[in-house]
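Report on the following structure.
Nothing in this text is a laboratory measurement; each read-out follows from the coordinates by a stated rule. Just so it is clear, the structure is predicted and the values come from calculations on it, not from any experiment. For neighbour counting, all protein chains shown are included, and Cβ atoms are generated from backbone atoms with ideal geometry for every residue, glycine included.
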Amino acid sequence: MRTFIAFPISKAAVAYAGELQVEIGRKNRMTNIRWVEPRKMHVTLEFLGDISGEQADLVRQIIKDKSESQGPFALAFDHIDGLPNVDYPDSIVIKLTPSPEAIKAQKEIHTALAQAGITVQDRDWHPHLTLGRMKVRKQVAGLRDLQVEIISWQTDEIRFVNSVMTKNGYEYQSLD
């Protein structure tokens, strides 16, 4: 199963992200952007990729241990960006400012996963919310000038998700 661990997004943050999608879309009518559906929006703490059922049980326990001993976790929108860069992005994202508790949770989960023998990505965490992905990398009008309202929210949830490929793209299933 192809999995990841994530913080959920508040309803207000999802609604505002949708407004940004519409605004960017208006300025880029001829650009092929696949927008992320609101029900699929999340902030990834750790992408795990393909793991076994046995490993999934370990991940569930790690998440349970870390979420019960910490939180709530605060996150806030910061600015629009593009990955790998804002000029010619593969993905259009909102970069986030995490609370110290969110940073600590991500680091502790990352460390616990590695200690449990689960492969984790060896890179720093840069929390973001993906708004859309480009079908072809090209310039996106107005990204540099778009001002983002500072929307913040708190959650005490950490979710474990299975990402299943279907004919209509990836669908997410809770593994909590």
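Brief remarks follow.
- Close lysine pairs were tallied over the stretch 1-108: pairs 8 or more places apart or on different chains with Cα atoms under 23 Å apart number 11.
- Paramagnetic reach from residue 58 in the stretch 110-147 [backbone N under 19 Å; point 7 Å along Cα→Cβ]: 110-123
- 5 angstrom amide H check on residue 132, placed H, neighbours 5+ away: 36, 92
- Per-residue 3J(HN,Hα) values for the stretch 127-143, derived from phi via the Karplus relation 6.51 cos²θ - 1.76 cosθ + 1.60 with θ = phi - 60°, read x, 7, 10, 7, 8, x, 10, 7, 6, 9, 5, 7, 5, 10, 5, x, 5 Hz in sequence order (x marks Gly and Pro).
- Remark: the stretch 85-97, residue by residue, has Karplus-estimated 3J(HN,Hα) of 8, 6, 6, 9, x, 8, 9, 9, 9, 9, 6, 10, 9 Hz, where x stands for each Gly or Pro and the curve is 6.51 cos²θ - 1.76 cosθ + 1.60 at θ = phi - 60°.
- Net +/- balance of residues flanking residue 3 in space, Cβ distance below 15 Å, scoring K and R +1, D and E -1: -2
- Counting only alpha carbon atoms, the long axis of helix 100-115 and the longest principal axis of the chain meet at about 60°.
- Packing-based ranking, highest mean first, of 42-48, 159-165 given that Cβ atoms within 10 Å are counted: 42-48, 159-165
- Measuring r between the beta carbons of residue 88 and residue 116 and using R0 = 45 Å, the FRET efficiency lands at 0.75.
- In the chain, the longest principal axis of the Cα atoms and the axis of helix 53-69 are about 80 degrees apart.
- Cα-based helix-to-principal-axis angle, 11-27 vs the chain, degrees rounded to 10: 30 degrees
- Anisotropy class of the stretch 105-176 from Cα gyration tensor, a/c 1.5 cut: prolate
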